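A short worksheet on the structure shown next.
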Amino acid sequence: MKKQIYVIGHRNPDTDSVASAIGYAELKRALGVEGVTAAMAGALNPQTTWLLGRLGLEAPLYLADVHPKVGDVLKRIPVSVSADQPLLKALQVFHHNGVRILPVLDAAGCPVGVIPLLKIAERSLKTGLDSLRQVRASLATLAACLEGEFLAGTADQEVETLHLFVGAMVEDSFNDKIARFAPESLIVVTGDRRSIQLNAIERGVRVLVVTGGLAVAPDIVERAAEKGVALLTTPLDTAATVSLARLSTPARYLAESHFESVGVGEPLGRLREKLLHSGETAVLVLEEDGTLAGVATKSSLFQPLPYALILVDHNELSQSVPGAEDLEIIEVIDHHKLGNAHSTNPIPFITAPVGSTCTIVASLYQEHGITPEPKVAALLLAGILSDTVILKSPTTTSRDQAAVERLAKLAGLEWESFGAEIFAASGALSGYGSPERVVTSDFKLFSQGEARFGVGQVEVFGFSEFNAMKDELKAALKALREKESLELAGLMVTDIATESTMFMMEGGHAYLRFMGYPQPEPHIFEMKGVMSRKKQLVPHLIKVLGGR
């Protein structure tokens, strides 16, 4: 089975995350890998939105979560039986498909019940004359089972409870046998015994079945019509007729109305719970309109999932798209510290101490001898310039510098002016739309011992807009800290012009005296020369939290 592969960055995608996803997906396709799609785990920030528009590129596919769904493991060829089809049809379906439970569907394709194989077995084991004689069927299903043709009467759809007798004796003995039953409840099966045929008709039985495809006299047919007796002729012999008549009950009357079901779009965990804890051997899977999509059993839980992930610009599941822990991760490309979960199989894990994941992706193009298209080269260039703040960040390496110069030539751009254009177009906090969006657009979670903390970062030109929004940003940061149950939550507002940061912090009051930076007002620290979250601020916070 060919899998759909999503190349995806972290939950709060920045330009490096999105650019590396698009760039690496393009590379995989160029290498002949099918089914590769660039994706993102959150909404685009203003900078990336502007950049994609500037380059005329489509945004990656948005995946709110990748939790496996029931439909991902379902074989959509449901074995079922119509509610009006006879038990004979149900038995044939059981026999040819080897199933243990059979959904019974109404005319719209919605399940009205299920027939377990056990119930069929129980019915076959019934003994006693009354049980063996009883047939619950409509004339239509009876005729269908017997391959019969009505010479008198019609194929009524109404289900009746009837009693089956074989007229294979002299008339007096036959009359004695049927005397205790109401004539209108009788099915009489006979061959070319004229006396039995007439006797049954005169008594007003419900159905007279003539077996063996034998001719029926015209006066018999006429009299049956006059007396309102259904006269059915079948090519089957008497033994086969009796056996199949007992299998003419419509499936709906054998179906158990209680059954477990789950929606095709529900999480796979819901199906697992029902299969393991409900006591049922199978669960019906329904489409959104209530029709049957398929039948799931415990073996469904072991079906391979149809998609996998390549993680870029992160390697920790806490930063991944929700549900990533349930999928196969086949590659990781990152430039952050290691914090990944264990994988079940060896995978390519490419990491390097560079300023941008796009630097690594650009080097992979080189290794494979593939030249990125100008738009892709420009996108990768933008990812590096964004993450290294136009090569001013202390995370910048010689590899980043070399990649920038190479990509700029391929894209036909002057990298310094392109970098200035990127930040000028996205350096306004008002472009984020709300204080909450400013705080969360590039927010990442970290831990030190048992303490969990988070830091977001935005780049600006000057702090005037930040100073005007301080109160709203504090409120948004406080709400985020409470939502995520963090020891502290912070926001880096980094001024590209002065290469300095104002760090707003909520929580962590016990650690304030260890911060070591000027505090012009409560909750805010002035950090001159600090531009990198990864290399400067987060390592400092880890020391502060660990050294209390």
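If you take the residues in segment 226-239 that are exposed (fewer than 15 other Cβ atoms within 10 Å of the Cβ) and more than 53 Å from the chain's Cα centre (by Cα), which one is farthest from residue 147 (Cα to Cα)? It comes out as 226.
Can you name every residue in segment 470-495 that is without any contact (Cβ under 8 Å) to a residue 12 or more places away in the chain and under 34 Å from the mean Cα position of the chain (by Cα)?
From segment 470-495, those without any contact (Cβ under 8 Å) to a residue 12 or more places away in the chain are 471, 482-483; that's our starting set.
482, 483 - these are the residues of segment 470-495 that are without any contact (Cβ under 8 Å) to a residue 12 or more places away in the chain and under 34 Å from the mean Cα position of the chain (by Cα).
I need the full set of residues from segment 151-171 which are outside any strand (DSSP E or B) and of a type in the set (A, V, I, L, M), in order please.
Let us first name the residues in segment 151-171 that are outside any strand (DSSP E or B), namely 153-159, 167-171.
Matches in segment 151-171: 155, 159, 168, 169, 170.
Any residue that is under 23 Å from residue 492 (Cβ atoms), assigned by TED's automatic domain parsing to the domain that holds residue 332 and modelled with pLDDT of 95 or more - is there at least one of those in segment 371-383?
Checked against the condition, which is being under 23 Å from residue 492 (Cβ atoms), assigned by TED's automatic domain parsing to the domain that holds residue 332 and modelled with pLDDT of 95 or more, segment 371-383 yields at least one hit.
Filtering segment 301-315 to residues that are outside any strand (DSSP E or B) and either of a type in the set (Val, Ile, Thr) or surrounded by fewer than 21 Cβ atoms within 10 Å (Cβ to Cβ) (or both) leaves 301, 302, 303, 304, 305, 306.
Only one entry of 294, 265 meets the criterion of being over 23 Å from residue 324 (Cα atoms) and either touching a residue at least 40 places away in the same chain (Cβ under 8 Å) or outside any loop (DSSP other than H, G, I, E, B) (or both), and that entry is 294.
With the structure loaded, tell me whether residue 336 is crowded, with 17+ Cβ neighbours inside 10 Å, at pLDDT below 90 and over 17 Å from the mean Cα position of the chain (by Cα) or whether it fails that test.
Against the criterion (crowded, with 17+ Cβ neighbours inside 10 Å, at pLDDT below 90 and over 17 Å from the mean Cα position of the chain (by Cα)), residue 336 qualifies.
Checked against (1) modelled with pLDDT of 95 or more; (2) under 24 Å from residue 497 (Cα atoms), residue 387 meets all criteria but (1).
In segment 404-419, is there at least one residue being in contact (Cβ under 8 Å) with a residue 24 or more places away in the chain and surrounded by fewer than 17 Cβ atoms within 10 Å (Cβ to Cβ)?
In the first step, residues of segment 404-419 are kept if they are in contact (Cβ under 8 Å) with a residue 24 or more places away in the chain; the result is 406-408, 410-413, 415-416, 418-419.
Imposing the further condition that a residue be surrounded by fewer than 17 Cβ atoms within 10 Å (Cβ to Cβ) reduces the set to 412, 416.
Yes, the conditions are met somewhere in segment 404-419.
Of the residues making up segment 65-76, not a single one is in contact with a His (Cβ under 9 Å, 6 or more places away or on another chain) and in contact (Cβ under 8 Å) with a residue 40 or more places away in the chain. Of all residues in segment 448-469, those being of a type in the set (Gly, Ala, Ser) and in contact (Cβ under 8 Å) with a residue 60 or more places away in the chain number 3. In segment 504-533, the qualifying residues are those that are in contact (Cβ under 8 Å) with a residue 60 or more places away in the chain and either in contact with a strand residue (DSSP E or B) (Cβ under 6 Å, 6 or more places away or on another chain) or surrounded by fewer than 19 Cβ atoms within 10 Å (Cβ to Cβ) (or both), and the one that is nearest to residue 440 (Cα to Cα) is 533. Mind checking whether some residue in segment 489-501 is of a type outside the set (Gly, Ala, Ser) and assigned to a helix (DSSP H, G or I)? No, that holds for no residue. Of all residues in segment 268-291, those satisfying the criterion of being within 15 Å of residue 102 (Cβ to Cβ) and in a loop (DSSP other than H, G, I, E, B) are 280, 281. If only residues of segment 41-87 that are of a type in the set (Val, Ile, Thr) and within 24 Å of residue 440 (Cβ to Cβ) are counted, the one that is surrounded by the fewest Cβ atoms within 10 Å (Cβ to Cβ) is 49. Of 54, 76, 11, all but one fail to be among the basic types (Lys, Arg), under 28 Å from the mean Cα position of the chain (by Cα) and not assigned by TED's automatic domain parsing to the domain that holds residue 261; the exception is 11. Exactly one residue out of 188, 205 is hydrophobic (A, V, I, L, M, F, W, C), assigned to a loop (DSSP other than H, G, I, E, B) and modelled with pLDDT of 90 or more: that is 205. Going residue by residue through segment 346-362, is there one that turns out to be surrounded by fewer than 12 Cβ atoms within 10 Å (Cβ to Cβ) and under 33 Å from the mean Cα position of the chain (by Cα)? Within segment 346-362, one or more residues are surrounded by fewer than 12 Cβ atoms within 10 Å (Cβ to Cβ) and under 33 Å from the mean Cα position of the chain (by Cα).
The values are calculated or read from the model by the stated rules, or taken from the named source; none is laboratory data. Keep in mind that this is a model prediction, so the values were computed, not measured. Backbone-built Cβ (ideal geometry, glycine too); neighbour counts: all protein chains shown.
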